[in-house]
Amino acid sequence: MIVAMQENATEEQIDAVIEALSESGVDVHRTTGAMQTILAAVGPTAGLDITKFEVLPGVLNVHRISSPYKLAGRAFRPQGTVVEFPNGATIGGPRVAIIAGPCSIENRGQIVSIARCVKAAGGCFLRGGAFKPRTSPYAFQGLGIEGLKMMHDAARENGLAVVSEVMEISQIEAMLPYVDCFQVGARNMQNFNLLRELGQVRKPVLLKRGIAATIEELLMSSEYILSGGNYQVILCERGIRTYETSTRNTMDIAAVPVLKKLTHLPVVGDPSHGTGRRDMVAPMAKAALAAGADALLVEIHPNADKSVSDAAQTLYLDQFEKLVGELRVIAQAIGRSL
């Protein structure tokens, strides 16, 4: 249930409505926009008489939400969510963010050279895997915390924010000092225990769509994080598994505008995992931007063919620089900046 307050509602009136909702046995989540405060009541709301709340001072209107995702739905924050980072970067809003880096952190020299390239190209985020969920138990599993420390140092030297994947609850505390955004990979999209724990963390979470997940399932997974009070959630379309075999995954470009309509959360496009092919990363990145993506996540490497993981989908640094230049033109054409 959503309670929309009047623009001139006082804090006392808002607190009174929150108290009345809480006394009715529901959890209340508040969001305050530039003009209006929205209160989302989550829990056993079906039996509540909404007229009881409509007559409270300061209330504009009350309506029930039919969708199962109460906090991820656009009604909770109609103006959209903009996630802010310590380096001044944002995801959401008019500026499109570039998140780039290697699939896996391999050594200090590699991550330092990549960080410098990302900074020079105008990116604000350095991504890299320290803990790697691999299909084969014999594949490279990442450098762990030591690799994360290398990436953190390289990012800070270049004014970048750090994005890295967390695989299990026990890693969260150890990663906290070194990351600005936790990434939840496709394999963990429905790891509900992990999502609940990330709901208690007050750092952004980039949630990737599962390889066979529907859009509603993705939004319901985000609800686990949001319901814990962490509203800094970013959704990522990274390709889904279909019967098509010409690409590693099928990147669902249509998911971007669908999500932008259904949710207030920012949406990221990941053309690297979306295709699994280096020659398709650029065209799909451009398509995702044109479709409304708030950020693009791209895998890059100084010697892409020698990358220890996902070499086939990784761009060389000069290819990445060329792509960013082309993306700037598209961003300008659709009224955004890069």
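Among the residues of region 274-295, how many are surrounded by fewer than 24 Cβ atoms within 10 Å (Cβ to Cβ) and closer than 29 Å to L71 by Cα?
4
Run down F182, F131, F140 and say which single residue is crowded, with 23+ Cβ neighbours inside 10 Å and either aromatic (F, W, Y) or not assigned by TED's automatic domain parsing to the domain that holds L327 (or both).
On the way: F131 fails: crowded, with 23+ Cβ neighbours inside 10 Å; F140 fails: crowded, with 23+ Cβ neighbours inside 10 Å.
The conditions single out F182.
Could you list, in sequence order, the residues of region 42-56 that are modelled with pLDDT of 90 or more and surrounded by 14 or more Cβ atoms within 10 Å (Cβ to Cβ)?
Passing the criteria: F53, L56.
Touching a residue at least 60 places away in the same chain (Cβ under 8 Å) and surrounded by fewer than 19 Cβ atoms within 10 Å (Cβ to Cβ) - does that describe any residue in region 252-261? Let's see the steps before the verdict.
So in region 252-261, the residues touching a residue at least 60 places away in the same chain (Cβ under 8 Å) come out as 261.
Next, only the ones that are surrounded by fewer than 19 Cβ atoms within 10 Å (Cβ to Cβ) stay: 261.
For region 252-261, residues touching a residue at least 60 places away in the same chain (Cβ under 8 Å) and surrounded by fewer than 19 Cβ atoms within 10 Å (Cβ to Cβ): present.
Regarding M150, is this residue outside the structural domain of A40 (by TED's automatic domain parsing), among the aliphatic types (A, V, I, L, M) and touching a residue at least 40 places away in the same chain (Cβ under 8 Å)?
Working: outside the structural domain of A40 (by TED's automatic domain parsing): yes; among the aliphatic types (A, V, I, L, M): yes; touching a residue at least 40 places away in the same chain (Cβ under 8 Å): yes.
Yes.
Assess whether A100 counts as being crowded, with 17+ Cβ neighbours inside 10 Å and not in a helix (DSSP H, G or I).
Details: crowded, with 17+ Cβ neighbours inside 10 Å: yes; not in a helix (DSSP H, G or I): yes.
Considered against the rule, which asks whether it is crowded, with 17+ Cβ neighbours inside 10 Å and not in a helix (DSSP H, G or I), A100 comes out as yes.
Regarding V83, is this residue within 30 Å of T37 (Cα to Cα) and crowded, with 17+ Cβ neighbours inside 10 Å? Let's see the steps before the verdict.
On the way: within 30 Å of T37 (Cα to Cα): yes; crowded, with 17+ Cβ neighbours inside 10 Å: yes.
When the stated conditions are applied, V83 passes them.
How about region 159-266: which helices (runs of 4 or more DSSP H) wholly inside it have at least 1 residues that are modelled with pLDDT of 95 or more and under 24 Å from A130 (Cβ atoms)? Steps first, please.
Values: elements: 169-175, 192-198, 215-226, 255-262.
Answer list for region 159-266: 169-175, 192-198, 215-226.
Within region 62-80, track down each residue that is more than 18 Å from the chain's Cα centre (by Cα), in a strand (DSSP E or B) and either surrounded by 20 or more Cβ atoms within 10 Å (Cβ to Cβ) or hydrophobic (A, V, I, L, M, F, W, C) (or both).
Result: V62, single match.
Inside region 301-335, can you point out the residues that are among the basic types (K, R) and in contact with a Ser or Thr (Cβ under 9 Å, 6 or more places away or on another chain)? Walk me through how you get there before you give the answer.
Here is the first cut: in region 301-335, the ones among the basic types (K, R) are 306, 322, 328.
Within region 301-335, R328 is the sole residue that qualifies.
Restricting to region 271-310, name every residue that is in a strand (DSSP E or B) and over 21 Å from R328 (Cβ atoms).
Step one: filter region 271-310 for residues in a strand (DSSP E or B), giving 295-301.
Listed by number, the list holds a single entry, H301.
The values are calculated or read from the model by the stated rules, or taken from the named source; none is laboratory data. Treat the numbers as computed from the prediction; the structure is a model and nothing was measured. Quick reminder, even Gly has a Cβ in these numbers, built from the backbone with ideal geometry, and neighbours come from all protein chains shown.
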